[in-house]
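Below is one structure, written out as structure tokens; comments come after it.
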Amino acid sequence: MQEGFKGFKLKIARSLRAELFMIICLSGIIPCVILSLALLHNYERQAINSRIKLVQNQCLVIADHLFSAGFPDATDNEIANSELAQLSNLYDGRVLIINSDLKIVKDTYNLGEGKYMISDDVARGLSGESTGKYDKEDHYIETVTPIMNSDSEPVGVMLTSVSTAETDSILNNSRRLSTLVIMALIAVVLGIAFYVAARITEQFRRLSSSVENIREGFGLDEEISIIPYKETEQINESFRQVLTRMKNLDDSRSEFVANVSHELKTPITSVKVLAESLLAQPEVPNEIYREFMEDISVEVDREDRIINDLLSLVKMDRAGANLQIEKCDIEQMIGKVIKRLSPIADKEHVELVYEVVRHVEAEIDETKLSLAITNIIENGIKYNHEGGRVTVTLDSEPMMFVITVEDTGMGIPEEDLPNIYERFYRVDKSHSRSIGGTGLGLAIAKGSVLMHKGVIKAESRVGEGSRFEIRIPISYIVPAGDQVFESRESDPHE
């Protein structure tokens, strides 16, 4: 039971709705309470000060009348006694007349006459100072008013104590009214807090529901209906971008599967047709048999290239931990690639030129980078015309080395350039089929370059040729969390 209660408290503590509710409540209720208390305190202070001034003014008038009646020589005067009685009754208080010897000569309660009153306030009154103080605990006001002679010298004081019951009654009524107002405001604030917290968190609930639908495999085509607050616009836009990216990936995956199925099925279908043709003929001349077997061998080689390229793509899709980095002579590496591709260039009657502007040594995975360069150069050879040229240039810049592959082939239309790195994408499908490409070479090349934290860009004009530029950091920087293994000798086509 206790553990369940702790879990409930933890859930509430982590609830955005509960936190918003508490913040709004505290922001609305605390200022109301503080303002109410401040207003009541200010009203009480002003009411008491006003009461003190009123009593002091009336005491000054009576003090003048007392002196005019002969005080301190005469202390019993009918007019003065009447005024003192009225003052005492009006404020429900007590008035003491004290002479300069600190002796009480008049007490409206008839209790202290003949006694002496010794206090700091009386002493200040005999020095000509009027004082007033409020005793909040006992609920009374005490004032001291000097009685002046004609030379403005104090000859006695009036010590007046009056009740604050009337003021307290008004304050109590004000407090009750203030409490009712605060309770009403608290109810309103609670309602507003609940509504606002629910409305704001509703947006996140919708977002969470959309994410849940996507997790379950639904909702990829649904629009996110979130109110576009300024604070949620970025989240909303980011989620839309993620959703669009997921749709594109889903479409790309479906297209990739379809393309792979088609590419793998085509050679098998051709082999099957050729084999069935041979089997359907009881006696096949050696020439036809040999021709069919050569065609079957070509299709098997094509199937093998597709599978090898697919395996290369799978390796490229893995994390950078698969890189086997070592310091490599880039000039020699490209030289090996050129040497390996020279027979293909000679067969196609394409001139293959290698230019080294600066010698470069860099930290790379030789197998993967040589595969990328091989694919780009091989495309330049295959998609060239007889008597054309492919020029490979090696140069270096601060922190980077640059490999440029430029050909004089058929070129790529401008609208197709953004898509050339997509898997199985072909600019001219009929021509690509006749050449025998798999449509994976540039995808593999880009994957390899990106794994080396480099960039690849292409420029082309139809009928004039294409130019690919690869920029790779000379020193490989290992990303946080990645691991690089020592390289070992391997075949670039492995």
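The values are calculated or read from the model by the stated rules, or taken from the named source; none is laboratory data. Values in this document were obtained by computation on a predicted structure and should not be read as measured data. Virtual Cβ from ideal backbone geometry, glycine too; neighbours counted across all protein chains shown.
Brief remarks on what is shown
Each row is one residue, and each column tells you yes or no for (1) touching a residue at least 40 places away in the same chain (Cβ under 8 Å); (2) closer than 30 Å to L90 by Cα.
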{"residue": "K136", "(1), (2)": "no, yes"}
{"residue": "N149", "(1), (2)": "yes, yes"}
{"residue": "V162", "(1), (2)": "yes, yes"}
{"residue": "N173", "(1), (2)": "no, yes"}
{"residue": "A197", "(1), (2)": "yes, no"}
{"residue": "R206", "(1), (2)": "no, no"}
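- Remark: pairs (first residue in the range 111-131, outside the structural domain of N149 (by TED's automatic domain parsing); second residue modelled with pLDDT under 90; Cβ separation under 7 Å; 6+ apart in sequence or on different chains) are absent.
A quick yes/no check of all residues on (1) at pLDDT 90 or above; (2) at negative phi:
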| position | (1), (2) |
| --- | --- |
| K429 | no, yes |
| R433 | no, yes |
| G439 | no, no |
| G465 | yes, no |
| G481 | no, no |
| E494 | no, yes |
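Residues checked against (1) aromatic (F, W, Y); (2) surrounded by 18 or more Cβ atoms within 10 Å (Cβ to Cβ); (3) modelled with pLDDT under 85; (4) in a helix (DSSP H, G or I):
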residue	(1), (2), (3), (4)
I141	no, yes, no, no
S152	no, no, yes, no
G156	no, yes, no, no
S161	no, yes, no, no
E166	no, no, yes, yes
T179	no, no, no, yes
I182	no, no, no, yes
T201	no, yes, yes, yes
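- Enumeration of residues in the range 84-111 that are on the phi > 0 side of the Ramachandran plot and out of contact with any helix residue (DSSP H, G or I) (no Cβ under 9 Å at 6 or more places or on another chain): N110
- Subset tally (residues that are surrounded by 12 or more Cβ atoms within 10 Å (Cβ to Cβ) and either among the acidic types (D, E) or at pLDDT 70 or above (or both)) for the range 243-264: 5
- Selection count, the range 112-134, where residues are assigned to a loop (DSSP other than H, G, I, E, B) and within 17 Å of V95 (Cβ to Cβ): 7
Each row is one residue, and each column tells you yes or no for (1) farther than 30 Å from S82 by Cα; (2) at pLDDT below 80; (3) surrounded by fewer than 17 Cβ atoms within 10 Å (Cβ to Cβ).
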| site | (1), (2), (3) |
| --- | --- |
| M1 | yes, yes, yes |
| I24 | yes, no, no |
| V33 | yes, no, yes |
| Q58 | no, no, no |
| S68 | no, yes, yes |
